[in-house]
Amino acid sequence: MGLARVTVRSATFITGAISLGLMLGQLPIMVVPALSVELAALWQLSASEIGWLGGIYFAGYTVALPFLTGAANRMDGRIVYATAALVGAVASFCFALFADGFWSSLFLRFFAGIGFAGIHIIGMKLLSDRLTGNAQTRASAIYTGAFAVGSGFSYLLTGQLESVFGWEAAFIAAGVGALLAVLTLLFIGPPLEGNDARSNRLFPDFRAALRDPEIIRFVIAYAGNLWEVYAIRVWFVPFLAFSAALNSDTALNWAPATVASISVFLSVPFNLAIAEIGVRWGRKKVIFAVSIASIAVCGVLGWQASGPYILVLALLLIHGITSYGDVGTIAGGVVSASTAETRAAALALFGLVGSTFGFIGPLAVGMAVDFGGGRDQPEAWLWAAAVMALGSVVSALAMVISPRSHLPKK
């Protein structure tokens, strides 16, 4: 069946199946951030070490991505997806059984990130290859919305399981989720005619993407976006725990991981709505506006880090929306800017650059917290918020400065 014969119903079904796989495969992603306070106490971790554990997942993602996308160009992408999911599942199971400190945790989370690379970006390729036109653009927004839902459930499930069964149970459940993601491949069908070309290249030809200034623009925006998104995802729980300790008489009796999941869930409808606005009014204007709003929220959050608990909570929830709100618009931009010939390279570059900064962002915040005196100092959280805001600064600049390709066109 060719692309032209994909119906609205089948497009919806394919989008739903691949998005469900993403949510299941994403259950391991926020387990460490949700348990950061508990693991820091258990293993005596510094803020920088928390940042390393929060970010190393995306370092594994970054290292694996060129190999996985290259493999997906040489064989059926479903095989690559399934293999990566199995790696992620084993890494989570081993964390529950064998992790006993910083170094063993770092090693196992690195491999969990490798697994997620295959689920996330190869899933995105499986989706975009099967759709076209507005269906493809809207599917990208839904897929990024599913990403947020998966992150939220990862937070929520971790908090609930840890409180009843202990932290090990959260990693076991995350591994099971990665295994279940493989089953969703049964519902998307074989590669479509015209989308199953094979390549002998070991890695994607990134030059195909780097020749297009519009692809470069959205890749840069994604780098800034993931710096900020993963910085707040990793540090949400410690930030809220700091505020709760400082305002023990007025803090709500809610587990920080549960509140973090609420933050992520709130971002989903906004992400979808903003992506739709971007289609109608122009992606660049919308991304720029959301980025400026996020910079402002970070400024107030850092200024009021030692303020009332309810105010800090509200600002953290708002920042969860502004930091993630334009990711669907950015993803739709890179898909729309790419062609059938450049899409594999564009998505690989998109994921590679984004995940690199998704690794650096949480680590940079951890170093800023240590620089500011540690997690119990208000000044540390002022520095943390300032470092987070750098991501939206980059995204905003990417929308107003025209990038240039220095590679010759074919």
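The values are calculated or read from the model by the stated rules, or taken from the named source; none is laboratory data. Everything quoted here is computed from the prediction, not taken from an experiment. Counting neighbours? That spans all protein chains shown, and the Cβs are built from the backbone with ideal geometry, glycine included.
Any idea which residue in the range 233-275 is surrounded by the most Cβ atoms within 10 Å (Cβ to Cβ), counting only those that are among the aromatic types (Phe, Trp, Tyr) and closer than 18 Å to residue 306 by Cβ?
Of all residues in the range 233-275, those among the aromatic types (Phe, Trp, Tyr) come to 235-236, 239, 242, 254, 265, 270.
Okay, now just the ones that are also closer than 18 Å to residue 306 by Cβ, so 235-236, 239, 242.
Working: 235: 31, 236: 26, 239: 28, 242: 25.
Out of the qualifying residues, it is 235.
Mind checking whether some residue in the range 109-118 is outside any helix (DSSP H, G or I) and of a type outside the set (Val, Ile, Thr)?
Going residue by residue through the range 109-118, those that are outside any helix (DSSP H, G or I) are none.
Taking every residue of the range 109-118 in turn, none turns out to be outside any helix (DSSP H, G or I) and of a type outside the set (Val, Ile, Thr).
Which one of 334, 327, 286, 297 is without any contact (Cβ under 8 Å) to a residue 60 or more places away in the chain, among the aliphatic types (A, V, I, L, M) and within 20 Å of residue 139 (Cα to Cα)?
Values: 334 fails: without any contact (Cβ under 8 Å) to a residue 60 or more places away in the chain; 327 fails: without any contact (Cβ under 8 Å) to a residue 60 or more places away in the chain; 297 fails: within 20 Å of residue 139 (Cα to Cα).
The unique qualifying residue is 286.
Would you call residue 358 in a loop (DSSP other than H, G, I, E, B) and either closer than 30 Å to residue 130 by Cα or of a type in the set (Gly, Ala, Ser) (or both)? Walk me through how you get there before you give the answer.
On the way: in a loop (DSSP other than H, G, I, E, B): no; either closer than 30 Å to residue 130 by Cα or of a type in the set (Gly, Ala, Ser) (or both): yes.
For residue 358, the condition - in a loop (DSSP other than H, G, I, E, B) and either closer than 30 Å to residue 130 by Cα or of a type in the set (Gly, Ala, Ser) (or both) - is not met.
Among (1) within 18 Å of residue 128 (Cα to Cα); (2) in contact with a Lys or Arg (Cβ under 6 Å, 6 or more places away or on another chain), there is one condition residue 68 misses while meeting the rest; what is its number?
So residue 68 meets the others, but not (2).
Residue 295 fails exactly one of the following numbered conditions: (1) in a helix (DSSP H, G or I); (2) over 20 Å from the mean Cα position of the chain (by Cα); (3) of a type outside the set (S, T, N, Q). What is the number of that condition?
(2)
Kindly check whether there is at least one residue in the range 65-88 that is part of a helix (DSSP H, G or I), polar (S, T, N, Q) and at pLDDT 90 or above.
Going through the range 65-88, the residues part of a helix (DSSP H, G or I) turn out to be 65-74, 77-88.
From what's left, polar (S, T, N, Q): 69, 73, 83.
Checking which are at pLDDT 90 or above leaves us with 83.
The answer is yes, given that some residue of the range 65-88 is part of a helix (DSSP H, G or I), polar (S, T, N, Q) and at pLDDT 90 or above.
List the residue pairs whose Cβ atoms are under 6 Å apart, where the first residue sits in the range 354-370 and is touching a residue at least 40 places away in the same chain (Cβ under 8 Å) and farther than 17 Å from residue 324 by Cα, the second is aromatic (Phe, Trp, Tyr) and crowded, with 24+ Cβ neighbours inside 10 Å, and the two are 6 or more positions apart or on different chains.
365/235
Let's see how each residue does on (1) of a type outside the set (Val, Ile, Thr); (2) closer than 19 Å to residue 61 by Cβ; (3) in a helix (DSSP H, G or I):
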| site | (1), (2), (3) |
| --- | --- |
| 131 | yes, no, no |
| 143 | yes, yes, yes |
| 146 | yes, yes, yes |
| 151 | yes, yes, yes |
| 176 | no, no, yes |
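Whether any residue in the range 364-373 is at pLDDT 90 or above and part of a loop (DSSP other than H, G, I, E, B) is what I want to check.
Looking only at the range 364-373, we keep the residues that are at pLDDT 90 or above, and these are 364-373.
Pick out the ones that are also part of a loop (DSSP other than H, G, I, E, B) and you get 372-373.
Yes: one or more hits.
Taking interchain pairs and intrachain pairs at least six residues apart, which have beta carbon atoms under 9 angstrom, with the first residue in the range 216-235 and closer than 16 Å to residue 53 by Cα and the second at pLDDT below 95 and not in a helix (DSSP H, G or I)?
233/29; 233/30; 234/30
Would you be able to say whether some residue in the range 376-392 is in a loop (DSSP other than H, G, I, E, B) and more than 19 Å from the chain's Cα centre (by Cα)?
Step one: list which residues in the range 376-392 are in a loop (DSSP other than H, G, I, E, B), which gives 376-377.
Now drop any that are not more than 19 Å from the chain's Cα centre (by Cα), which leaves 376-377.
The answer is yes, given that some residue of the range 376-392 is in a loop (DSSP other than H, G, I, E, B) and more than 19 Å from the chain's Cα centre (by Cα).
Take residue 395 and decide whether it is touching an Asp or Glu at 6+ places or on another chain (Cβ under 9 Å) and either outside any helix (DSSP H, G or I) or in contact (Cβ under 8 Å) with a residue 60 or more places away in the chain (or both).
On the way: touching an Asp or Glu at 6+ places or on another chain (Cβ under 9 Å): yes; either outside any helix (DSSP H, G or I) or in contact (Cβ under 8 Å) with a residue 60 or more places away in the chain (or both): yes.
Against the criterion (touching an Asp or Glu at 6+ places or on another chain (Cβ under 9 Å) and either outside any helix (DSSP H, G or I) or in contact (Cβ under 8 Å) with a residue 60 or more places away in the chain (or both)), residue 395 qualifies.
Between a first residue in the range 33-58 that is among the hydroxyl-bearing types (Ser, Thr, Tyr) and a second residue that is crowded, with 22+ Cβ neighbours inside 10 Å and outside any helix (DSSP H, G or I), which pairs have beta carbons less than 7 Å apart while being 6 or more apart in sequence or on different chains?
Pairs that qualify, where the first residue is among the hydroxyl-bearing types (Ser, Thr, Tyr) and the partner is crowded, with 22+ Cβ neighbours inside 10 Å and outside any helix (DSSP H, G or I), are 57/29.
Within the bounds of the range 95-109, is there any residue that is under 21 Å from the mean Cα position of the chain (by Cα), of a type in the set (D, E, K, R) and over 14 Å from residue 177 (Cα atoms)?
yes
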